[in-house]
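Contents: one structure, followed by commentary.
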C-alpha cells in the first residue's frame, strides 16, 4: 500500500480537549459513523469552505478521492452516497431519510449533482468518486480528499479524516482554530472523574452536568438528552415494525420484528413509539424475556442503521444499538422517568469521551473493541449510576465491560455494517448488563485493574493489531464469505 504523506497540521490521534455530551451522542443516519456520517460532514464542511472563498457558483466540477479503510469498505458503508448527500447540503440530523436511497438514481438520471441544492455541476458517480484502495494518507486510515475545479482559478483541494463517531478533522486552511475550552471540572482520565465526585461529594452525572453547563443551560441539556432518548425509542420501534431484507447484497433478513412478534405481537399495531414503549415497560418481563428483549432492542436499532435509518451515534453507528438496548432494559425494569434517562445518558457520554481522549472510538484505528467495547463500557457505567451504585462501582463496570472486549476485531463481510455487526450489538448489550451487576456487587477498592489501565491497554492493543482486522474487510469472516456489493 502506498502511504501518501501530506504533512498536515492536525492534532494527535488521541483527542485531548473538551468534549460535550452532544459530541458523543449525535443524531444521524446509518450505517457507519466513520464511513457514512463522517464523510457526509466532511462534504458539508467542504461546501462551507468553498462558500467562504466566495467560489461556490464558480465550481465547474467536483471529485472525491477516498483512501485507506474508506476506500476498502466505503461501498458497503454507503460512503459515496453520504458524500453526495453532504455536497447537496443535506443535514444528516434532519434530512428526509428516504432521499438517501433515491439520490444515486436521481443524480445518474440527471447527470448532475446540485451543490447546496441549487448550483448544478456535471456528476458521474463512478467517475467522480474514486476508491483508492492501494493508497492511504498517513494521519488516519479514514482519509479523503475533495477537489472543486473552478472557472479561471486554481482547483480548491481539501483533505479530511473521519476519526470515529462522526468526528472529522482536516486542513482547515484559512479557518481560525477554536479557542481552548477550560471546563470547571477538567477530565482526561477516569481517575480525574472519580476524584471530582469525591471532592464534590456527588454523582458522575452531577459532574458531567456541571461541565455541560459551559455550553448549555440545564433546560437545554435536559431537552437535548430527552430528544436523544426519544430518537432511540423511535429507532427501536421502527426496527421492531419492519421486516424484509437489508440492502447491500448480503441478503441479511431482518429479525427484530419477528422476535418482537414472539414476545408481544406485532409492533405495527401500536399508534406511536410512545404507546409501544409504554406497553413494553408495562410488560415487566421475566428473566428469559429480558434476554430476548435486550437482543430485540439491539437488533432493531442496528437493522435500522444498516438500512440507512435514523439512529443515535453512541458512540458510533456500528455500535449504536448497545446503549439504547441497555437504557430500554433499565426503563422497562426500573424507574422509567425522564430524570433517570438523562442521568443514564450523561454518564454514558462521559465514559465515551474518556475513551476518545485516551484511545480511540474508531474501528479503523482499533478494531471493534473501539466500538462495541466502548459502547458496552459506556452502557455498563450508566446502568450502575441509575441503579444506585457508587461512582467507583460505575467505573468498575466500565472496566469490566471493556476488559472482555479487548482485542475484538472488525471484519465486516463485504464492508457492510451487518455481519457480524448487528448481532454483536446484542452481545455487547448483554455484556454491559452483566458488567453492571458484577460491579454493583463488587468492591472497587479490591479490583486489580482500573478503567484507566484497561483504556491504556486497549490503545496498546489497537496499535499492535494487524491492519487487516481494522475495518478493511481483508481478514476474518470478511475473506471467507463471498458477497457481491450493491452500492446504494
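The values are calculated or read from the model by the stated rules, or taken from the named source; none is laboratory data. This one's a predicted model, so the numbers in the text were calculated from it and none came from an experiment. Ideal geometry is used to build each Cβ from the backbone, glycine not excepted, and the neighbour counts take in all protein chains shown.
Looking at this structure, is residue 134 exposed (fewer than 14 other Cβ atoms within 10 Å of the Cβ) and either farther than 28 Å from residue 51 by Cα or in contact with a helix residue (DSSP H, G or I) (Cβ under 9 Å, 6 or more places away or on another chain) (or both)?
yes
Are there any strands (runs of 3 or more DSSP E) wholly within segment 105-144 with 2 or more residues that are free of Cβ contacts under 8 Å to residues at least 60 places away in the same chain, and if so which?
Those strands (runs of 3 or more DSSP E) span 112-115.
Any idea which of 416, 451 is at pLDDT below 95 and under 22 Å from the mean Cα position of the chain (by Cα)?
Exactly one of 416, 451 is at pLDDT below 95 and under 22 Å from the mean Cα position of the chain (by Cα), namely 416.
Which one of these does residue 231 not meet: (1) in contact with a strand residue (DSSP E or B) (Cβ under 6 Å, 6 or more places away or on another chain); (2) assigned by TED's automatic domain parsing to the domain that holds residue 418; (3) at pLDDT below 95?
Residue 231 satisfies every listed condition except (3).
Those residues that are buried (at least 24 other Cβ atoms within 10 Å of the Cβ) and not in a helix (DSSP H, G or I), I need them from segment 321-339; list them, please.
Hit for segment 321-339 is 321, nothing else.
Each row is one residue, and each column tells you yes or no for (1) surrounded by fewer than 15 Cβ atoms within 10 Å (Cβ to Cβ); (2) assigned to a helix (DSSP H, G or I); (3) at pLDDT below 90.
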residue: 259; (1), (2), (3): no, yes, no
residue: 262; (1), (2), (3): yes, yes, no
residue: 271; (1), (2), (3): yes, no, no
residue: 276; (1), (2), (3): no, yes, no
residue: 290; (1), (2), (3): no, yes, yes
residue: 294; (1), (2), (3): no, yes, no
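Working carefully through the options 49, 93, find the one that is more than 17 Å from residue 169 (Cβ to Cβ), surrounded by fewer than 24 Cβ atoms within 10 Å (Cβ to Cβ) and touching a residue at least 40 places away in the same chain (Cβ under 8 Å).
Sole residue among the options that is more than 17 Å from residue 169 (Cβ to Cβ), surrounded by fewer than 24 Cβ atoms within 10 Å (Cβ to Cβ) and touching a residue at least 40 places away in the same chain (Cβ under 8 Å): 93.
Working only within segment 273-301, note down all residues that are out of contact with any strand residue (DSSP E or B) (no Cβ under 8 Å at 6 or more places or on another chain) and either in the same structural domain as residue 165 (by TED's automatic domain parsing) or under 18 Å from residue 373 (Cβ atoms) (or both).
Once the filter is applied, which keeps residues that are out of contact with any strand residue (DSSP E or B) (no Cβ under 8 Å at 6 or more places or on another chain) and either in the same structural domain as residue 165 (by TED's automatic domain parsing) or under 18 Å from residue 373 (Cβ atoms) (or both), segment 273-301 yields 294, 298.
Can we say residue 187 is assigned to a helix (DSSP H, G or I) and in contact (Cβ under 8 Å) with a residue 24 or more places away in the chain?
No.
Let's see how each residue does on (1) assigned by TED's automatic domain parsing to the domain that holds residue 344; (2) more than 23 Å from residue 360 (Cβ to Cβ); (3) touching a strand residue (DSSP E or B) at 6+ places or on another chain (Cβ under 8 Å); (4) in a helix (DSSP H, G or I):
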{"residue": "425", "(1), (2), (3), (4)": "yes, no, no, yes"}
{"residue": "439", "(1), (2), (3), (4)": "yes, yes, no, yes"}
{"residue": "442", "(1), (2), (3), (4)": "yes, yes, no, no"}
{"residue": "448", "(1), (2), (3), (4)": "yes, yes, no, no"}
{"residue": "453", "(1), (2), (3), (4)": "yes, no, no, yes"}
{"residue": "456", "(1), (2), (3), (4)": "yes, no, no, yes"}
